[in-house]
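I have placed the structure first, in the form of structure tokens, so that the comments after it can refer back to it.
None of the figures in this text is laboratory data; all of them are computed from the coordinates on show. From a predicted model like this one, the values you see are computed outputs, not experimental measurements. Neighbour counts run over all protein chains shown; Cβ positions are idealised from the backbone, glycine included.
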Amino acid sequence: MDVRNMTRRELSEYIAEHLSGPGEEEAREAKAERDRYYGNRIFIRGLIEFTNYCKNDCLYCGIRKSNKCASRYRLSKDEILGCVLQGRELGMNTFVLQGGEDMYYSDKQMCDIISAIKETAPGCAVTLSIGERSRESYKAYKDAGADRFLLRHETADEAHYSRLHPESMSLKNRMKCLYTLKELGYQAGAGFMVGSPYQTPDTLAEDIIFLRELEPHMVGIGPFIAHKDTPFRDMPNGTVGLTLTMLTLTRLALPRVLLPATTALATLDDMGREKAFNVGANVVMPNLSPPDSRNKYSLYDNKASSGDEAAEGLRHLSERIENAGYVVDMGRGDSKMNIENNGGNK
Ligand code: SAH
């Protein structure tokens, strides 16, 4: 199926007809596209959730500013480096620093942390996921050594965006940040939740259209899961089936993209990760955060953070990846987005 050329309407119709999973043939094609560019390798990223303080108030998110029940924490530079060392011992070569939008960490401090990670784990890639900042800040982090940046756009539909976020936030700015990150030379990641409140096949079609335009190096896609201390507490969760449909469309729209099998998907379905690999996902991000912080970094209810999601579970995770017919790749796993295809880059 030629997702790269489908119209908004065709995309929306396909999505409406595949709410419970992609068609068999599309799923097979998506998997083949992933294999063509990356082979059957699954890349491992160590996730460090370093702060759950946030100045934003996204209606879906468990660490939103107004959630007075959240028990807040911040990791010090030394604690972060401890996580990195632990990951290094496990063989990891990418570290993802994710957190709320926490202004406690000044640009100077962020740069200091980034360069310290690079010294602690020479040759590793550093990925940031710390929300919207100015171009100057993004530039400073890049100069300090950051390689990649994850910033999900959340939804590419203006009206939908405004129902998920407070008035102080805008889709325009989020999109602008993504273009800026690309311009600055980051490998940039966009993405969205599946089944977020008020989402429709039309808004999901818009997400694919936006991804085709932006051409990000990575796309994070996971189901929305209600958090009990947010305004969306009673909203239904997203589904595994529709998440797999959106993963399939994304892989077919952007064959060279890096596509994680997300923690949210694994939270809803014990076999979620394997199902995602089978429609073209090729990244997993086990948690390296200290166990105590893990429980507190509660974006949604029952977030998986032990067992396979924990670094200690890396061996078990690796076994599962291999049992599913894939090969664990602990390398940096850079994007092949800008490499011309000359018959497959394996
Ligand atoms: N502050 C950073 C990191 C946000 S947390 C930023 O702004 O990018 C990472 C992602 O978790 C978010 O982008 C969002 O898509 C997802 N998330 C938040 N709440 C969620 C929920 N209730 N269910 C599923 N995913 C959620």
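Quick rundown of the values:
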| quantity | calculated |
| --- | --- |
| Label point distance in nm, Arg4-Asp334, each placed 7 Å from Cα along Cα→Cβ | 2.3 nm |
| Sequence-separation-based contact order of the range 223-267, relative, with Cα cut under 8 Å and 6+ spacing, percent | 36 percent |
| Links that overshoot a 26 Å alpha carbon limit, given the list Lys139/Lys176; Lys108/Lys303; Lys172/Lys275; Lys55/Lys142; Lys118/Lys182; Lys172/Lys296 | Lys108/Lys303; Lys172/Lys275; Lys172/Lys296 |
| Hull-based mean projected area of the chain, where the convex hull spans the alpha carbons, in square nanometres | 15.4 nm² |
| Chain lengthening between Lys55 and Asp112 when straightened (0.36 nm per residue, less Cα-Cα) | 18.3 nm |
| Within the chain, longest stretch free of exposed GluC sites (Glu not before Pro) [DSSP loop, at most 14 other beta carbons within 10 Å] | 168-339 |
| Relative contact order of the chain, defined on C-alpha pairs under 8 angstrom at six or more residues apart (%) | 27 percent |
| In the range 37-99, trypsin sites (Lys or Arg not before Pro) in a DSSP loop with at most 14 other beta-carbon atoms within 10 Å | Lys55, Lys68, Arg72 |
| Estimated inter-spin distance, Met271 and Leu85, nm [label 7 Å along Cα→Cβ] | 4.2 nm |
| Cβ-based net charge around Val96, under 10 Å, with every Lys or Arg adding one and every Asp or Glu removing one | +1 |
| Distance between modelled label sites at Glu183 and Ser162, nm, 7 Å Cα→Cβ extension | 2.6 nm |
| Sequence-separation-based contact order of the range 127-212, relative, with Cα cut under 8 Å and 6+ spacing, percent | 37 percent |
| Prolate/oblate/rounded label for the range 1-137 (Cα gyration tensor, a/c 1.5) | oblate |
| Cβ-based net charge around His227, under 12 Å, with every Lys or Arg adding one and every Asp or Glu removing one | +1 |
